[in-house]
Each structure stands twice: as structure tokens, then as C-alpha cells.
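Read the structure below first, then the notes.
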Amino acid sequence: MTALIEIDALTVTYRAKGQEVQAVQGVSLSVAKGESYGLVGESGSGKSTILRAICGLAPVSGGTIRIAGQPVRRGRDFARQVQMVFQDPYASLHPRHTIDRTLSEPLAIHGIGGADQKVPAALEAVGLPAAFRFRFPHQLSGGQRQRVAIARALMLEPPILLLDEPTSALDASVQAEVLNLLNRLRAERGLTFLMVSHDLAVVDHMCDRLLVMQHGRAVEELARDDLAAARMKTDYARSLFEASADRLMGA
Amino acid sequence: MTLLSVKNLRVSFATETGVVQAVRGVSFTLGRERLGIVGESGSGKTMTGRAVLRLIRPPGRIEADEMTFDGQDLLHASDSQMRALRGRRIAMVMQDPKYSLNPVMTVGQQLTEGLRMRDRLGRAEAEARAIKALEAVQIRDPARVMKAWPHELSGGMGQRVMIAMMLIPEPDLLIADEPTSALDVTVQAEVLSILDGLVRDRGMGLIFISHDLRLVARFCDRVLVMYKGRVVEELAAGDLMAAQHPYTRGLLNCLPRIGGPRQPLPALDRTGDWAE
């Protein structure tokens, strides 16, 4: 298998009030085509920053990011390769654009026709009725909005989806529906996922491999089987594992 | 000993499209124990908590056959009687520190405001008490946090500041509305152990509102499961895994677990008499 996403010694440095903060420090990882890879850690561990760096939303100060063997060059081609689903469906959709406008905008930018067929098809693919096309985000529930955000990310049919805590703002029952939807889409379309979550159980359910992060550094990479069997080498990964709610329930 | 007794509580809102019943006949009693209220968003769990403090504004209406706290009738208490109860005897930790802390007051000002106005303490004494409260919720460097503005705090710190603020007057009953849902699992465990210590050491009653069934089951003594404004099941936390109600079972099963099967997660089945 060839690596689709290769990140080598990535460093992200923010400057605020004359102080430098290294949000990500020398993190390397590679994700194979069709794989689902998880980034786990507490808030401030730099996991979301990695996704943002891939999209050009964070100031990369060192290291390289390669997609399909090529250094990333942001622009339209990049948008067709990589799309992101953000954490908060209440904040990530334009409040004054209809769902139709939100979904057809990427097509318009890329000069792709047939929005009239593609928008209803995209809604259907994420399990929303076609009538939602002319609604506004405030008329939808959180789970429905996140489905729209996923549909938007898939409009250009990118092979890679970056998922930044896609279900942490949702109820458990709605989370289950959205996770199922993501897994179904991945299976149907052969998508590659790079997913960030603070919930180890969600990452375990969704991902083949995962990287535990702390304070901007990679702590430990684990395969799914190693996680389930508690075969972690570092204390931090173990403490995260033990703090996960369902572990303590002994369920 | 019963601290709080609620019988047939109903909360309704008159809207343009008719009356919406947010809480439809909830009854429970609470001693000096930890009671969990679980449900999805819109299940009425927050409204139940707010109704106890009569913190529901018109057009919202609170009705109940009985609602008493420590022998006092909460339904017919005057506004000034309610004010005397709020904060001092019954406190509530609101859900989101981002929206519940005053953005234009420093943490120190917010923590000492009650002490200075209500308890008429001097500045130095109020600050000392506030710093102690921050220490009690395990905030490192409380003197610095006292001077910080809410936007400078992380979610976990903000949440702990709110808990500290509510605990300063040493209430007999704490209503905590999703006090840990904005927190990382490791911080979550810390905040829970702080709350746990308070229940144990001070004999405080706690109503713990959450959408996280497993967390509640681990932390509380008893659990009420709410759906659409009704209590569908009440059980001892230890018996949760043996819950009979299809909704409770559905909530339990739809959570992924580490090392669980890779099949699609079961969706909640919302059919049945209870789902009206």
C-alpha cells in the first residue's frame, strides 16, 4: 500500500504577543490509501492543528506534508483532493445560505455543472430528504447539520476527508448515526480518513491506527488491536485509555 | 432524609404555534446523594433542573403537585424567598463556561462579588475565600487565575471556576448541568472527584445532569432516564447494565466501545408507547 498522506517532522509555530508557541513539534505520520487514521489527545495537544496545517489554516514552520507523493500546493486541485469536516456544525455552515447554496458553491467554483442533480444526490447520500435543499441551517438539528457538512465536503468527490471531532457536539444517539454514515461512505467510496477525537472509543470504532498526542508531540502510535488489548508502551497512552469512560464501567 | 421532593412537575411554554410541554410530569425525591438525570438534547433534563430553582422566565410556566426543598414550598415561595435560597442553599452550575461567565469581569471579581454583596465581606477576606475555592477545584496558580478574564481560560478551567463559584456559599444542593461535557476525559475525572468529595464530606445533595449515560452510571447513586419530558426509567446506577427499558438500552448500545465490534452502531429505536 502506498501512503496517501505523508507528514514528516511537522512543526507549527504560532506567534502571539511576541511569544512563540509550538502547537505541533516534529510530528510524523503516514496514512495509506483507504486507511482510517486517528489522532487522539487532550485539548491543546495539537491534534486539530495538524489537520489545520494540512489545509493551510495553520502556520507551518518546519517539516513537510505530502499528499499522494506530492508536496501540497493549495488551490483548486488541493480542494478536489482534501476536504475537512469541522467540529461544530452550529458554526461551520453559513447561517444565511440555504443548504442548496452551501452545497452548490464548490461546484460553481470548480466550474462543474449539473448542480440540480448533484445537490439532491448529495443529500440522499447522507440520508437527508431532498426537501432540505431549500432550508437554512437554523432549521436543522445538530445531527442534520453535520450531515450537511459531510455532504458539502464530499461535493468535489475528494479521496481524503479530514474529520475534526465530527461528533463531539452531538448526542450519543446522533453520534452513532453520523459515525455509521461516515463508515458507510468510506466503504462505498474508498475514502481515506484522518480523524481527530478526544474520545478513544470513537477513534477505536472508526480507525485502523491511531496516534496519541500530548503537548504538541507524538506520544505513541497504536494499531487498533493494540489499543483493545491495552498493549500501550507509554504511561500517557495508558492513562488516557484508563480514563476513557467505558473502560471504568467495566461494561 | 429527603432534601428535595418533586411531584408531577410540568414545564410548558406558550409559543405562537401552541403550547410546548418541555417537562411532562416528572417526580423524584433526593436525599444527600448523587442523582443523575440523563437524556438526549430536548429531553427536558435541563428544564427540570432549572425549574427547581424557578429559573424559567415567562412565557415558560412551572406547575407541580408538590415541590419542596428542606420543608420549604418552592412553588409558592415569594421572589425574595427564592433569592435567599438560590446560591446560598441551592446552587446550579450551568452548562457552558463560554456563555455562563461574565465576559467583562475578571474571574476574581466574579468569585468575590457574592461574598462581598451577600456576605458583606471585606475585599481581602473575600479574595482569600475565592482563592481557597479555586484551590479546592485544583486550579494551579489561583492568584493568577483570579486576575484572568474568562476568554483567557480553557474550557476545563472555566468549568472549574464555575464550580468554585457555586461552592463558595456551601450550598446544600448542587444542580450541575453537564458540568464535564466540555472537558477532556482526564480533567473530567478530576472534576468528578471534586464533586464526589463534596457530596461525601459535606453531605451535599447533587443533581447531575448529563447526556452521557455511562458517566452518570459510574458517578451517581441513582439515575433518572428522561425522554421527551418524561422519566422513562429510574434505576440504581449499579443496575444500569441490566436496564429493561428499550430507550435506556438504546442509549447504552449506541455508544462505541474500545475493542467493540466493527459493525454499524445500533440506532435508537424510537417506536413504542413510551416514545409519544
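The values are calculated or read from the model by the stated rules, or taken from the named source; none is laboratory data. Everything quoted here is computed from the prediction, not taken from an experiment. Every residue, glycine among them, receives a Cβ derived from its backbone with ideal geometry; neighbour counts consider all protein chains shown.
Among the residues of segment B:122-156, those identified as surrounded by 17 or more Cβ atoms within 10 Å (Cβ to Cβ) and not in a helix (DSSP H, G or I) are B:V137, B:I139, B:L153. Residue by residue through segment B:204-227, note down the ones that are in a loop (DSSP other than H, G, I, E, B), away from chain A (no Cβ under 13 Å) and charged (D, E, K, R). Residue satisfying the conditions is B:D221 alone.
Among the residues of segment B:66-82, which ones are surrounded by fewer than 11 Cβ atoms within 10 Å (Cβ to Cβ) and among the charged types (D, E, K, R)? Of everything in segment B:66-82, just one residue is surrounded by fewer than 11 Cβ atoms within 10 Å (Cβ to Cβ) and among the charged types (D, E, K, R), namely B:D79.
If you go through segment A:179-201 and keep only what is more than 10 Å from chain B (Cβ to nearest Cβ) and under 17 Å from A:V148 (Cα atoms), you end up with A:L182, A:L185, A:R186. With respect to being within 15 Å of the chain's Cα centre (by Cα) and within 14 Å of chain B (Cβ to nearest Cβ), A:G41 fits the description. Among residues of segment B:117-134 that are free of Cβ contacts under 8 Å to residues at least 12 places away in the same chain, those with a Cβ under 7 angstrom from a residue that is aliphatic (A, V, I, L, M), sequence gap 6+ or separate chain, pair up as B:L121/B:L115. Of all residues in segment B:199-210, those being touching a residue at least 24 places away in the same chain (Cβ under 8 Å) and among the charged types (D, E, K, R) number 1. Summed over segment B:1-11, residues that are under 18 Å from B:I175 (Cβ atoms) and outside any strand (DSSP E or B) total 2. From the list B:R24, B:R57, the one residue that fits, being over 17 Å from the mean Cα position of the chain (by Cα), surrounded by 17 or more Cβ atoms within 10 Å (Cβ to Cβ) and not small (G, A, S), is B:R24.
Residues in segment A:155-166: is at least one of a type in the set (A, V, I, L, M), in a helix (DSSP H, G or I) and out of contact with any Asp or Glu (no Cβ under 6 Å at 6 or more places or on another chain)? Before you say what the answer is, go through the steps one by one.
First, the residues of segment A:155-166 that are of a type in the set (A, V, I, L, M): A:155-156, A:160-163.
With in a helix (DSSP H, G or I) added as a condition, the list becomes none.
Taking every residue of segment A:155-166 in turn, none turns out to be of a type in the set (A, V, I, L, M), in a helix (DSSP H, G or I) and out of contact with any Asp or Glu (no Cβ under 6 Å at 6 or more places or on another chain).
None of B:V191, B:V199 is closer than 29 Å to B:T68 by Cβ and under 16 Å from the mean Cα position of the chain (by Cα) except B:V199. Within segment A:79-91, the set of residues being surrounded by 15 or more Cβ atoms within 10 Å (Cβ to Cβ) and in contact with a Gly (Cβ under 8 Å, 6 or more places away or on another chain) comprises A:P89 only.
Within segment B:252-276, the set of residues being closer than 24 Å to A:L240 by Cβ and assigned to a loop (DSSP other than H, G, I, E, B) comprises B:C254, B:L255, B:P256, B:R257, B:I258, B:G259, B:G260, B:P261, B:R262, B:L265.
Could we say that A:E165 is within 14 Å of chain B (Cβ to nearest Cβ) and within 11 Å of the chain's Cα centre (by Cα) here? When the stated conditions are applied, A:E165 passes them. Every condition in (1) in contact with a helix residue (DSSP H, G or I) (Cβ under 9 Å, 6 or more places away or on another chain); (2) within 20 Å of B:L55 (Cβ to Cβ); (3) at pLDDT 90 or above is met by B:P103 except one, and the failing one is (2). Being farther than 25 Å from A:D204 by Cα, of a type in the set (G, A, S) and in contact (Cβ under 8 Å) with a residue 40 or more places away in the chain is a property that holds for A:G63.
A quick yes/no check of all residues on (1) closer than 27 Å to A:G142 by Cα; (2) touching an Asp or Glu at 6+ places or on another chain (Cβ under 8 Å); (3) of a type outside the set (D, E); (4) in a loop (DSSP other than H, G, I, E, B):
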| position | (1), (2), (3), (4) |
| --- | --- |
| A:S61 | no, no, yes, no |
| A:R80 | yes, yes, yes, no |
| A:D88 | yes, no, no, yes |
| A:H94 | yes, no, yes, yes |
| A:L103 | yes, no, yes, no |
| A:P106 | yes, no, yes, no |
| A:I112 | no, no, yes, yes |
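Answer yes or no as to whether B:A236 is within 30 Å of B:D70 (Cβ to Cβ), within 8 Å of chain A (Cβ to nearest Cβ), under 23 Å from the mean Cα position of the chain (by Cα) and in contact (Cβ under 8 Å) with a residue 12 or more places away in the chain. In short, no. Criterion applied to B:D196, B:D177, B:D184, B:D172 was being within 14 Å of chain A (Cβ to nearest Cβ), in contact (Cβ under 8 Å) with a residue 40 or more places away in the chain and surrounded by fewer than 23 Cβ atoms within 10 Å (Cβ to Cβ), and the one residue passing it is B:D196.
Here's a check for you: in segment B:199-215, which residue that is touching a helix residue (DSSP H, G or I) at 6+ places or on another chain (Cβ under 8 Å) and β-branched (V, I, T) is surrounded by the most Cβ atoms within 10 Å (Cβ to Cβ)?
In this case the residue turns out to be B:I209.
Only one residue in B:A14, B:A51 is free of Cβ contacts under 8 Å to residues at least 60 places away in the same chain and part of a helix (DSSP H, G or I), so which one is that? Answer to the selection: B:A51.
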